[in-house]
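Below is one structure, written out as structure tokens; the observations come after it.
Derivation of every value follows stated rules applied to the coordinates shown; laboratory data play no part. These numbers were taken from a predicted model, which means no experiment stands behind them. Quick reminder, even Gly has a Cβ in these numbers, built from the backbone with ideal geometry, and neighbours come from all protein chains shown.
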């Protein structure tokens, strides 16, 4: 090979490598917000919307990418008639305005609406910087209670996945889900202090086929709360604490609530929470239906109320407690629940005298009271549960458990 041929091939090979590298950086279907004007430590709201709209118009699967770094973000609503599956990859830490007065109260911080095959992933952090707003969430003393934005809101998504995302210090709920079908949360990390009032971890209503798996939730209210109209919901391998536990309800406060049917909570752990697994309905309620709930393989560590059915739920005494709940609860099981309670009443099955609970099954319970006032016990009203396996404390019995 002569020198001329060698001199020609070397620049050509270099140019080919450079071209391939550039091709890799500019993959079709990848929309990096920094290409739309996003800069570190500045508001990326407009850049995110621009990237999202272009991605939605793609006829092939696309990705909107927020790269590593710290970015500010105001309120953003992502909704479009997307032509193909879309993934939003957040690798960055996004920070909300800390002052609640800078935000519209009728709009969440990040909202995603009406998309089929949507994915949110990337390992990023959505920091709601909620501390200034938590005083407004005190429903006992504040008229503006529950009017601040949630960190994340997912509405009418289908066949979608939320994976490996952290929600930090939301001003109100961390994640709100409404009208979704076949939506999975996997590897979610939710963090807020116990004193952050009304900051539910994940709230789900009027949705079917929602799955929450392998997640860590610590917050100032329910780790997971389940509203009306939920069907076929599965919660597995979730660790909760601090927080108020995993709750179905509260239900019955508003007319026209849809039935809750098919909730399965399995292999979950509660650490230093106010409640473990709980079903709650209002007294003097509207009609409602709760059916086919199953809580199994649960560990409770220093939990105030490990197992609860409360059909007289009345926070702040703002209801007519003398009138019974009209929400019918049936086909509920509590199985293989073990650990410690920091109150004596380890099990409370307090059903409505208007529509007593039916088909409640309790078995293989081993919950010990960690205090010194006496053994653990159970309290029951308007329920005659089926008992299987062992029960410690005895369930719906006047005989207290013996210390062991």
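Some points to look at:
- Helix-only CD estimate at 222 nm, as mean residue ellipticity for the chain, using -39500 (n - 2.57) per DSSP H run (n ≥ 4): -3000 deg cm²/dmol
- Spacing of the two label points (7 Å from each Cα toward its C-beta) at residue 74 and residue 289, in nm: 4.6
- Subtracting the Cα-Cα distance of residue 145 and residue 113 from their residue separation scaled by 0.36 nm leaves 9.0 nm.
- The stretch 119-192-the stretch 325-404 distance, computed between alpha-carbon centres (Å): 32
- Exposure proxy order (Cβ contacts within 10 Å, fewest to most) of 118, 270: 118, 270
- Counting beta carbons within 10 Å around each of 36, 313 and listing the fewest first gives the order 36, 313.
- Relative contact order (%) - criterion: Cα under 8 Å, at least six apart; region: the stretch 264-404: 22
- Potential extension, residue 46-residue 84 segment - 0.36 nm per residue separation minus Cα distance: 11.5 nm
- Between residue 54 and residue 214, the FRET efficiency estimated from the beta carbon spacing at R0 = 25 angstrom works out to 0.15.
- Labels on offer are [x] 60, 55, 40; [y] 100, 51, 37; [z] 63, 50, 41, and the one holding Cα extents along the principal axes in Å computed from this structure is [y].
- Peptides 350-358, 96-104, ordered by how many other C-beta atoms sit within 10 Å of their residues on average, highest first, read 350-358, 96-104.
- Peptide packing for 53-66, 225-238, 166-179 was compared via the average number of neighbouring C-beta atoms within 10 Å per residue; ordered from the highest value, the list is 166-179, 225-238, 53-66.
- Working ranking of peptides 79-88, 152-161 by packing, defined as the average number of other Cβ atoms within 10 Å per residue, highest first, is 152-161, 79-88.
- Förster-model FRET efficiency, 56 Å R0, residue 102 and residue 386, C-beta, rounded to 0.05: 0.55
- C-alpha long axis of helix 45-56 to longest principal axis of the chain, angle in °: 80
- For the pair residue 189 and residue 379, label points projected 7 Å from Cα toward Cβ lie 3.9 nm apart.
- Spin-label pair residue 181/residue 331, simplified geometry with 7 Å Cα→Cβ offset, distance in nm: 2.1
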